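The values are calculated or read from the model by the stated rules, or taken from the named source; none is laboratory data. In this text the structure is predicted, and so the values were computed from the model without any measurement. All Cβ positions, glycine included, derive from the backbone under ideal geometry; neighbour counts span all protein chains shown. Accessible surface areas use protein heavy atoms only, side chains included; no ligands, DNA or RNA. Shrake-Rupley method; radii C 1.70, N 1.55, O 1.52, S 1.80 Å.
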Amino acid sequence: MSCNSCGTGDSAPGGCKNHGTCGTSGCNKLTVFDWLANMELPEGQEMFPYVEVRFKNSRKEFFHNHENLPLKIGDVVATQCATGHDMGIVTLTGELVRVQMKRKRVKLDSDEVLQIYRVANQNDIDKWKEARGREDEMKIKAREIAIRLNLKMKISDIEFQGDGSKATFFYTADQRVDFRELIREYAGTFRTRIEMRQIGLRQEAARLGGIGSCGRELCCSTWLTDFRSVTTSAARYQNLSLNPQKLAGQCGKLKCCLNYELDSYMDALSNFPKQNQKLYTDKGVALCQKVDIFKGLMWYCYDGEWMNWHTLTTDQVHEIVAKNKAKEKVAGIEEYARELVIEEKVSFENVVGQDSLTRFDNKSSGAKSKRKKRRNNRNKKKAPAGNKPAVKADGQSNKSPNSNQNKSTKPRRNKSRKPKPGNTNNDKK
């Protein structure tokens, strides 16, 4: 989905270059699709008097439209706040706001729901843009002041209030930070009210955004609204190597995408026997070395013969385990492995012809054979027609060993150089 200003024009995309903060709300992150937008209300029913307003990055709040202003998605409005007013963009109106408030457990008559003052005029928008333009410069100075005071914290983002009367500094820190002196420095330098708000590492990644290891934008900065706990057990169930550099995202925590396919793995593992289950046979004890969850295969080897693996299905393992529980031993797992025939299916066909990795190895030998053919052709052209050797009935030629003497040879030229004039010994003297 793209907005009108970001859509493709004649031949090249226009692009509003607002990075998800444009007014038409089609390319904003965390935008809710209004599937009731084209439906009219029944007669006698009033429109739901609450709207959803989005501020910088992923901050969204619900406001009461007590004056019944004709608001639509993309309108810039002035909203109520603790002191002064704030500026935001309307992202959702109508009955879907009721559903969103119920999902986020926001009560209609609570004191948390503030009011909308008015639709923003040009003066409000100019002040808002001026305040937003100061954020990047303030962020650099704020980090320099924090480093000078030797505070173990990181200023990740700054958000100005719509009227420019207050600036909220978002920071991350591993331990508790005493920033009383820091606030005095900020208030004296920036000449505005300061509010410090600590956020987690995941919230910081959601606010700043970035590109993940998959090559796409971070899920937390585009569509992910809640942060569920991710543990290393999710990686164990999926047979992933417990390498913190590969499992951690840009926030330094475990990747949220480890939970996406966890339910599928758990369903597939429900039919698997325990991997620490030992198989008792006449040849010895067999131990599990590897599993393929979605194919339902398990690899076993005997204790002491760690290099010889045998492939079994989960049904075969269950059968052996059932016999072991009945105090029966099987002859060996090789008999079950012989019955298993794995069919390899080609999921694609390479029509380009680049499927062979050794297609360039014999390139030099082909060049040599071409050179030999060229030499043979040249020799055939140079040989006279009358000196062809006679061929016997058995296919052998009557060519004598001294037949090379019959070939016409040209006398060799004397390649000795003639002395150039002026290079004689007399001239040297």
(request) Determine which member of the set I158, I145, I194 is in contact (Cβ under 8 Å) with a residue 40 or more places away in the chain and of a type in the set (A, V, I, L, M, F, W, C). (result) I145
(request) Go through (1) surrounded by fewer than 16 Cβ atoms within 10 Å (Cβ to Cβ); (2) among the polar types (S, T, N, Q); (3) closer than 22 Å to I116 by Cβ; (4) modelled with pLDDT under 60 and name the single condition T21 misses. (result) (1)
(request) Could you tell me whether I116 is among the β-branched types (V, I, T) and either out of contact with any His (no Cβ under 9 Å at 6 or more places or on another chain) or free of Cβ contacts under 8 Å to residues at least 60 places away in the same chain (or both)? (result) no
(request) Could you run through segment 160-177 and say how many residues are of a type in the set (V, I, T) and open to solvent by less than 20 Å² (accessible area, probe 1.4 Å)? (result) 2
(request) Could you check, for segment 295-305, whether at least one of its residues is open to solvent by 30 Å² or more (accessible area, probe 1.4 Å) and under 30 Å from R216 (Cα atoms)? (result) yes
(request) Identify, from the list S221, S213, S270, S229, the residue that is within 30 Å of H310 (Cβ to Cβ) and either touching an Asp or Glu at 6+ places or on another chain (Cβ under 6 Å) or among the hydroxyl-bearing types (S, T, Y) (or both). (result) S270
(request) For R180, indicate whether it is under 25 Å from T79 (Cβ atoms), open to solvent by 40 Å² or more (accessible area, probe 1.4 Å) and of a type in the set (K, R). (result) no
(request) Would you be able to tell me the number of residues in segment 183-202 that are in a helix (DSSP H, G or I) and open to solvent by less than 80 Å² (accessible area, probe 1.4 Å)? (result) 9
